[in-house]
Amino acid sequence: MTLHIQLANEFGDFLADGEKAGAFRFSRIDPFVHSHEKIVLDFQGVRNMNSSYANALIANLVSQSPEVLQKLHFANCNARIRVLVETALALGTEHLRQKQFEVA
Amino acid sequence: MLDRLGAGDAADEIAVDFLPVTFWTPGALVLLLAKTQFWRKQNKRVVFHNCKECPAFRYFQRINFYSLCGLQLPEDFQRHDAGSRFVEIRRIGGEGSASVGELSTDIAYCISPDSHVDDPEQSGVFDLLEYSVSELANNVIQHAKAPGFAMAQYMPRTDLVRVAIADHGIGVLRSFADNGSPLCKPDWTDADAIATALQPKVSSKSHLPSPWGESVNAGVGLTLLKELCTQTGGHFFLASGKGVFSELAGREFPQQKTLTTPFQGTICVLTFVRSKIRNFPEMMHQVKTAVGLLPNGKEFGNFFS
């Protein structure tokens, strides 16, 4: 089963508010990670995004567990979105590695 | 100007004379607004002299400068939509203010309506402004604990785009201290706090969980804005408390100054050379790689479709 989220439907064409991204992740993605095989964040209709939003949504999602990284997928990213998603992925995986190191 | 206005903090009544002034930058306007709000909150009397005699009187009225200062002056002109001719000063946070996204898109549109297109080769100015205003506005909302003001301006003669945001909140040092940041040292100065805030992956709140689990602050916003300014041949300016940080493209080292009297909140001014602004995703990729946020050789291609 796939959790498919159209971000433009929730936030419009510019994703700018980190607090709202954090709240959205907490209520609409985190509870469904285990029950879905794939999580698709769909950027169709999104023109631009900032780092605050990308990191609050994606970096903090990825840093939760290795399971998220295996399930996560991004659709319809334009060039502006893609560079910010890649940085959020890099930050998230770095935080994840730090957490795993602390646990070990 | 920061020091001159700071002198008002010790007075019960502050008089501001507009007559000798013919040109105001966005930084000067939002700074005076933030200071006026701060003084009024402290029950000081603020008097504006020669408002009507000032050559920019109607312009100041139209961009809502006086009304945001709490001064309702009758207007002898018809208000038309600002369109792309000028940018009204916008309030950040507090009752009735627009969302960060709306505010940032509006300001970017006013400065560069022609570049509001899909093609990143042509939309660089719009994308950069929208991104920059939104990051600074998020900082005000997340850290300042008081409203702020935003303004932008393009001067064709100098080809400079300026974005300024000022608030009369708690400032950078107190944000670290009040949030119990492990980075904050007892003997820290405002300059120390600013220098730390400008480092990548540092935020006064990054150690704190948010209501949504982990902190929503990755601490990369100011670092990237500083790099974007210098990449376009521009200038980055940040002042808070007694600390002033200024970095000009082409200079080997940034400048740091200490003010005589502290500025209660935070002011940040970004200056870009418009003709040097190009494809925004490429600029972003370059600055992120430069500050170590995009590790070289790391591939994420299999995440995208």
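Quick note: the coordinates plus some simple rules give every number you see, no bench work behind them. The model shown is predicted, which means the values in this text are computed figures rather than measured ones. Note that each Cβ is placed from the backbone with ideal geometry, even for glycine, and that neighbours are counted across all protein chains shown.
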Contact order normalised by length for chain A, with contacts defined as Cα pairs under 8 Å and 6 or more residues apart; what percent is it?
32
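Please report, in whole Å³, the volume per residue of the convex hull around the C-alpha atoms of the range B:1-48.
Spread over its residues, the Cα hull of the range B:1-48 gives 65 Å³ apiece.
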Which of the three applies to chain B, rounded, prolate or oblate, going by the alpha-carbon gyration tensor with a ≥ b ≥ c and a/c under 1.5 meaning rounded?
oblate
Report, in order of residue number, the helices in chain B meeting two criteria: a C-alpha extent of 20 Å or more along the helix axis, and a mean Kyte-Doolittle hydropathy of at least -0.5; treat each whole DSSP H run as one helix.
B:26-41, B:124-139
Identify the chymotrypsin sites (Phe, Trp or Tyr not before Pro) of the range B:54-84 meeting these criteria: DSSP loop state and at most 16 other C-beta atoms within 10 Å of the C-beta.
B:F77
For B:Y154, A:Y53, which order do you get if you count the other beta carbons within 10 Å of each Cβ and list the fewest first?
B:Y154, A:Y53
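Net charge within 9 Å of B:A150 by Cβ-Cβ distance, Lys/Arg positive one each and Asp/Glu negative one each, not counting B:A150 itself?
For residues surrounding B:A150, the net value is +2.
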Sparse-neighbour loop sites [trypsin sites (Lys or Arg not before Pro); the range A:29-104; at most 11 other C-beta within 10 Å; DSSP]
none
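In percent, how large is the relative contact order of the range B:215-274, given Cα pairs closer than 8 Å and 6 or more residues apart? Each step should come with its number before you reach the end.
On the way: 107 pairs, mean separation 21.1, N = 60.
Relative contact order for the range B:215-274 comes out at 35 percent.
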For B:E130, net neighbour charge (Lys/Arg +1, Asp/Glu -1) across residues whose Cβ lies under 12 Å away:
-3
I want the antiparallel fraction of DSSP beta bridges within chain A, as a percent rounded to 5.
0
Between the helical axis of A:79-103 and the dominant principal axis of chain A, each derived from Cα atoms, what acute angle in degrees is found, rounded to the nearest 10?
20
Out of all DSSP beta bridges in the protein assembly as shown, what portion is antiparallel? Express it as a percent rounded to 5.
70
For every helix of n ≥ 4 consecutive DSSP H residues, a contribution of -39,500 (n - 2.57) applies; sum these over the protein assembly as shown, divide by its total residues, and give [θ] at 222 nm rounded to the nearest 500 deg cm²/dmol.
-10000 deg cm²/dmol
What whole-number distance in Å separates the alpha-carbon centres of the range B:226-305 and the range B:111-166?
13
Mean shadow of the range B:199-285, computed from the convex hull of its alpha carbons, in nm²?
7.4
If the viscosity is 1.567 mPa s and the temperature 4 °C, what translational diffusion coefficient in µm²/s does Stokes-Einstein give for the protein assembly as shown when Rh comes from Kirkwood over Cα pairs?
59
DSSP beta bridges in chain B, what fraction antiparallel, as a percent rounded to 5?
90
Cα-based Debye curve of chain A sampled at q = 0.20, 0.23 Å⁻¹ gives log₁₀ I(q)/I(0) of -1.01, -1.32
Over the range B:1-123, how many percent of alpha carbon pairs lie in each 5 Å bin up to the one with the longest distance?
2, 9, 17, 20, 19, 14, 10, 5, 3, 1, 0
Where Lys and Arg each count +1 and Asp and Glu each count -1, what net charge lies around A:G22 among other residues with Cβ under 15 Å from its Cβ?
-1
By Cβ neighbour count within 10 Å, fewest first, B:T271, A:T93 rank A:T93, B:T271
Peptide A:84-92 - average C-beta neighbours from other chains (10 Å radius):
6
Report the residue, chosen from B:P74, B:P156, B:P20, that carries the largest GNM mean-square fluctuation when chain B is represented by alpha-carbon nodes joined by springs under 10 Å.
B:P74
Could you sort out which of A:K71/B:K226; B:K185/B:K276; B:K44/B:K201; B:K41/B:K276; B:K205/B:K288; A:K38/B:K276 sit more than 32 Å apart by Cα distance in this structure?
A:K71/B:K226; B:K185/B:K276; B:K44/B:K201; B:K41/B:K276; A:K38/B:K276
Give me the distance between the Cα centres of the range B:86-106 and the range B:22-46, rounded to whole Å.
18
B:R79 to B:R278: extension gain in nm, 0.36 nm per residue of separation minus the Cα-Cα distance?
68.2 nm
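Sort the following peptides by mean Cβ neighbour count (other Cβ atoms within 10 Å, averaged over residues), highest first: A:24-33, B:130-139.
B:130-139, A:24-33
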Within the range B:62-122, DSSP-loop GluC sites (Glu not before Pro) with at most 14 other C-beta atoms within 10 Å are B:E75, B:E95, B:E121
